[in-house]
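Working notes, structure below.
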Amino acid sequence: MHSRISRRALAIGGAKGVALAADLAYTPTALNVQRAELTWEEAKAHVDGRIGLDGARRLSLNLNANEVGVPWLLKVANQADVPASGVLSAMGKVGGTTDRPQAMLTVRGTKLVAYGEEFGALNSDVNLAGREVQVSRFTIEKPQPDMPGLFTGTASYHLDRRTYTAELNSEHVKLLGLQLPGGQTIRGDVQLAAKGMGSVDAPVGTADVTLDALEVERPAAAGEREGGQGVCAIHP
């Protein structure tokens with residue numbers, strides 16, 4: 001049996017205007033996804049493959065997503081007020097069974113900006129093994145005048161236990177104009193080494209942060225002359 005699905009103006013989380021189009025072929029033993037596409041703004045996600053309906057109910061799906069805007073993802077997560085931008089893409093495969101799915105995804109990001117600071121390019125490998133999501137590789141290469149800054153990390157999260165591990169480190173990172181919610185602008189060198197292991201209900205973690213030649217620029221207060229600014233420089 002063949003079925004064609006078309007839906008427009010769907011809502012996912014806090015995002016609206018999502019369109020779904022799918023061509024499906026059903027048999028007693030499998031659901032064949034000939035084409036399934038989600039589109040919103042400039043972004044498009046494509047899925048095709050097979051979902052077994054008998055025996056071990058094996059999965060064999062291909063995933064591809066392009067031009068996914070960070071602001072749209074923040075809307076999905078109901079965090080639209082976070083000042084971030086950039087574009088993400090992902091591709092990968094889903095295997096295993098419906099009871100114990102396995103997935104391997106490669107995620108790329110470009111033109112990433114958060115709180116007024118340019119963070120550049122993201123590369124990450126994300127795996128799903130049973131009920132555990134694993135980020136086996138995470139890197140952000142940050143463009144800077146002298147040499148790129150680098151963030152590296154790994155993480156894992158168990159979907160049922162809601163437990164996690166995470167590690168994040170930085171090398172040669174310079175803040176060129178990070179804008180805090182209070183209006184202050186921060187510049188300086190940052191060295192970060194953070195680890196966490198716990199649960200959503202009982203989070204545990206440590207972070208060592210070294211700041212060098214830090215400057216905090218506050219916004220001009222009411223009554224100051226036009227163009228006036230306040231700058232606080234901190235040197236260890």
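Data overview
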{"read-out": "Search result, residues across the stretch 72-92 that are touching a Gly at 6+ places or on another chain (Cβ under 9 Å) and of a type outside the set (A, V, I, L, M, F, W, C)", "value": "75, 78, 79, 83, 85, 86, 89"}
{"read-out": "Among residues of the stretch 35-56, those that are surrounded by 15 or more Cβ atoms within 10 Å (Cβ to Cβ) and not aromatic (Phe, Trp, Tyr), counted", "value": "14"}
{"read-out": "Residue check for residue 128: at negative phi, at pLDDT 95 or above, surrounded by 14 or more Cβ atoms within 10 Å (Cβ to Cβ) and among the aliphatic types (A, V, I, L, M)", "value": "no"}
{"read-out": "Selection status of residue 98, in contact with a strand residue (DSSP E or B) (Cβ under 7 Å, 6 or more places away or on another chain), surrounded by fewer than 16 Cβ atoms within 10 Å (Cβ to Cβ), hydroxyl-bearing (Ser, Thr, Tyr) and farther than 17 Å from residue 139 by Cα", "value": "yes"}
{"read-out": "Residue ID - farthest from residue 31 (Cα to Cα), chosen from residues in the stretch 98-125 that are of a type in the set (Lys, Arg) and modelled with pLDDT of 95 or more", "value": "111"}
{"read-out": "Those residues of the stretch 182-208 which are under 24 Å from residue 116 (Cβ atoms) and either without any contact (Cβ under 8 Å) to a residue 12 or more places away in the chain or in a strand (DSSP E or B) (or both), in sequence order", "value": "182, 185, 186, 187, 188, 189, 190, 191, 192, 194, 207"}
{"read-out": "Whichever residue in the stretch 134-148 is hydrophobic (A, V, I, L, M, F, W, C) and either buried (at least 17 other Cβ atoms within 10 Å of the Cβ) or at pLDDT 95 or above (or both) and, among such residues, is farthest from residue 106 (Cα to Cα)", "value": "140"}
{"read-out": "Single condition residue 117 does not satisfy, out of (1) crowded, with 16+ Cβ neighbours inside 10 Å; (2) free of Cβ contacts under 8 Å to residues at least 60 places away in the same chain", "value": "(2)"}
{"read-out": "Residue in the stretch 14-29 that is surrounded by the fewest Cβ atoms within 10 Å (Cβ to Cβ), counting only those that are over 25 Å from residue 71 (Cα atoms) and in contact (Cβ under 8 Å) with a residue 24 or more places away in the chain", "value": "28"}
{"read-out": "Unmet criterion (only one of (1) closer than 18 Å to residue 128 by Cβ; (2) without any contact (Cβ under 8 Å) to a residue 12 or more places away in the chain) for residue 165", "value": "(2)"}
{"read-out": "The stretch 70-91, subset assigned to a loop (DSSP other than H, G, I, E, B) and hydrophobic (A, V, I, L, M, F, W, C), residue farthest from residue 48 (Cα to Cα)", "value": "82"}
{"read-out": "Within the stretch 149-182, tally of residues that are crowded, with 16+ Cβ neighbours inside 10 Å and of a type in the set (Lys, Arg)", "value": "1"}
{"read-out": "Considering residues of the stretch 66-81 that are at pLDDT 90 or above and over 13 Å from the mean Cα position of the chain (by Cα) only, the residue nearest to residue 15 (Cα to Cα)", "value": "81"}
{"read-out": "Options 211, 112, 128; residue that is assigned to a strand (DSSP E or B) and over 20 Å from residue 88 (Cα atoms)", "value": "211"}
{"read-out": "In the stretch 194-221, residue nearest to residue 153 (Cα to Cα) [restricted to those that are among the aliphatic types (A, V, I, L, M) and surrounded by 12 or more Cβ atoms within 10 Å (Cβ to Cβ)]", "value": "194"}
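The values are calculated or read from the model by the stated rules, or taken from the named source; none is laboratory data. A quick note: this is a predicted structure, and the numbers were derived from the prediction, not measured. Quick reminder, even Gly has a Cβ in these numbers, built from the backbone with ideal geometry, and neighbours come from all protein chains shown.
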